[in-house]
Amino acid sequence: MIYLVEHFYSIQGEGRYTGTPSLFFRFGGCNMKCEGFACEETLSDGTKLLGCDTIYAVNREHFSKNWIPINKSNELLNVLDEYKLPPHVDVVLTGGEPLIYANEPIFIEFLNALHVAGHRVTFETNGSLHVDFLKYPVYKECIFALSVKLSNSNEPLSKRIRGDVISSITSNAKESFFKFSIGASSINRDLQEEITSILLHAPKTKVYCMPLGGSKLEVESNSEPLIEFCKLKGYNFSDRLHMRIWDKEKGV
């Protein structure tokens, strides 16, 4: 079963294609929690949850009742008819972690239909889940934004860094790039060592560093130190444009 959390037409706010009009599909479920990012969600009963800034697409226990079960690929494809879209608009698949559905027949049908229709498809993924490029060649036509998690996520090293997966994706995908979430307090010698160890698995893949934060204020406070880090190391700074414009508002 595939679960869709939300869909919306906006601009890409992060990474290589920042500013590009894109139709987003946010899928429910993830193989990580990333509580170290410390983005807080308070439920109606006062319960406080910690995780990433899309915890509502990660935490199955508290949010799955709001997720939409998908039984046919057409239920996803019909979403395109709900918007006034330019031809061949970019489609971004995000989450949660969209690749938990990588082997689902419905998901493969959806991807093939998007490719045939001429859409550029980008996965926003943590880069820890295997993709079968031989069995499902459509993945070779997709772009992968690899948001590989650093130690600031509080996820164990063996779970968040899968060198074989990173190497496979960057070797087989049409295009790929790294997109690291970094807070000012994480910028030190250990950070560079972390990134260097990841790049060993894909040394020719471009690096984008974006400021950590679940709000406009947090993003802005982490931006200048991160820009200086990027200038020093030669990495690309990626803004989080949607956070600066819409702050905590969801679905934009």
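What the table shows:
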| quantity | calculated |
| --- | --- |
| Criterion (over 18 Å from C52 (Cα atoms) and assigned to a helix (DSSP H, G or I)) met by exactly one of T205, T196 | T196 |
| Count - residues of the range 193-220 that are surrounded by 14 or more Cβ atoms within 10 Å (Cβ to Cβ) and either of a type outside the set (G, A, S) or modelled with pLDDT of 95 or more (or both) | 18 |
| Every residue from the range 152-174 that is in contact (Cβ under 8 Å) with a residue 60 or more places away in the chain and outside any loop (DSSP other than H, G, I, E, B) | N152, S153, K159, R160 |
| Residue check for V131: part of a helix (DSSP H, G or I) and surrounded by 15 or more Cβ atoms within 10 Å (Cβ to Cβ) | no |
| Residue satisfying all of: in the range 228-252; in a helix (DSSP H, G or I) and among the aliphatic types (A, V, I, L, M); farthest from S153 (Cα to Cα) among these | I245 |
| Qualifying position, being loosely packed, with under 14 Cβ neighbours inside 10 Å, under 28 Å from V91 (Cβ atoms) and charged (D, E, K, R), among K179, K174, K149 | K174 |
| Evaluation of P225 against (1) in contact with an Asp or Glu (Cβ under 7 Å, 6 or more places away or on another chain); (2) part of a helix (DSSP H, G or I) (one fails), failing number | (1) |
| Identity of the residue in the range 55-113, among the small types (G, A, S) and assigned to a helix (DSSP H, G or I), that ends up nearest to V165 (Cα to Cα) | A57 |
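The values are calculated or read from the model by the stated rules, or taken from the named source; none is laboratory data. All values reported here derive from a predicted model rather than from experimental measurement. Here the Cβ is made from the backbone with ideal geometry for all residues, glycine too, and neighbour counts use every protein chain on show.
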